[in-house]
Each structure stands twice: as C-alpha cells, then as structure tokens.
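Participant: Structure below; questions to follow.
Computed from the coordinates by the stated procedures, all read-outs in this text should not be read as laboratory data. Please read all numbers here as calculations on a predicted model, not as lab measurements. Here the Cβ is made from the backbone with ideal geometry for all residues, glycine too, and neighbour counts use every protein chain on show.
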Amino acid sequence: MFSFFQQYQSAILYVNDAQKNVAQESLIAAKNKHGDVETYVEPLDKFYQAEDYHQKYWFRQKKNLFDELSLLDTQVAEGELATKLNAYAAGFQDFAELQRLQKEYGLKQSFVDAVKEYALSGGDPRNCHA
C-alpha cells in the first residue's frame with residue numbers, strides 16, 4: 001500500500017476548511033494516481049522547532065533584504081519583524097501591516113519598496129505561516 005507523504009504521515013492538521021479541502025483534494029489525486037491510499041488524521045503530540053538558522057525560509061531567500069537588516073538567528077526565529085517579512089517574501093500583499101512595521105522598526109523607504117516588489121512578483125502566501 002502506498003504511504004501518502006511518508007515523511008509527514010505522523011499528523012495532518014486542519015486549521016480551516018480551505019486547508020481541509022486542499023488535503024482532501026490531494027488525497028483524491030493520490031488515490032487516482034496510486035490506487036488505494038491509507039492516511040491517518042491524528043492529534044500532534046510533539047512539536048520540534050527547527051534550528052534558528054532554518055527559520056523564515058522565504059525571507060532568507062531574499063538575500064539583499066535579509067542581509068540588510070543584520071538580524072540575529074534568534075531574532076529571525078522569534079521576532080515579529082522577520083515573521084511578517086517572511087509572509088511578504090512569500091507573496092502576502094496586504095501592505096497596511098508593512099506601513100506599521102516601517103514606522104515601528106524604522107525601515108528605509110527603499111527597503112519597504114523592495115519588500116513590496118517581492119510580494120507583488122508572485123509566490124503564494126499560503127506557503128508560509130506568518
């Protein structure tokens with residue numbers, strides 16, 4: 001029997017109906033492709049946070065922006081600024097929050113403009129968990 005996403009088989013968590021629908025569509029597609037598929041929905045009993053240097057993947061990919069802030073790994077892993085910028089780097093486009101961040105953290109206008117450019121260039125904000 002095919003194990004659906006073997007590396008993640010320990011838990012599938014639904015945060016909302018949209019995510020549940022995506023998971024169900026993926027399961028149907030896997031069944032159509034591979035035949036009988038078995039998967040389980042179980043409560044998550046343990047959570048292991050990745051090392052700090054693995055945090056905020058999308059923001060880290062925008063090296064010019066990431067490097068300009070010179071944040072410590074702990075600030076990236078735990079801080080609000082890196083979390084919000086990670087969402088913009090992934091394609092989030094509600095810029096009202098960005099204006100607040102600019103004022104609160106003293107971000108240069110050129111930096112904010114670059115963040116907007118990245119956000120508008122594509123991506124899918126569902127890819128990050130900001």
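Participant: Work through the residues other than residue 66 whose Cβ is under 9 Å from its Cβ and net out their charges, Lys, Arg +1 and Asp, Glu -1.
Facilitator: +2
Participant: Report the local net charge at residue 86: Lys and Arg +1, Asp and Glu -1, summed over other residues whose C-beta lies under 10 Å from its C-beta.
Facilitator: Local net charge: +4.
Participant: At a 10 Å Cβ-Cβ cut-off, how would you order 47, 111, fewest neighbours first?
Facilitator: 47, 111
Participant: All other residues with a Cβ under 13 Å from the Cβ of residue 101 taken together, and with Lys, Arg as +1 and Asp, Glu as -1, what is their net charge?
Facilitator: Local charge sum for residue 101: +1.
Participant: Moving on to the next point. As an exercise, identify the GluC sites (Glu not before Pro) in region 28-130 lying in DSSP coil whose Cβ has no more than 15 other Cβ atoms within 10 Å.
Facilitator: 51
Participant: Using the number of other C-beta atoms within 10 angstrom as an exposure proxy, rank 60, 100 with the fewest first.
Facilitator: 100, 60
Participant: Okay, moving on. Mean separation of Cα pairs under 8 Å and 6+ residues apart, divided by the residue count of region 16-128: what relative contact order is that in percent?
Facilitator: 23 percent
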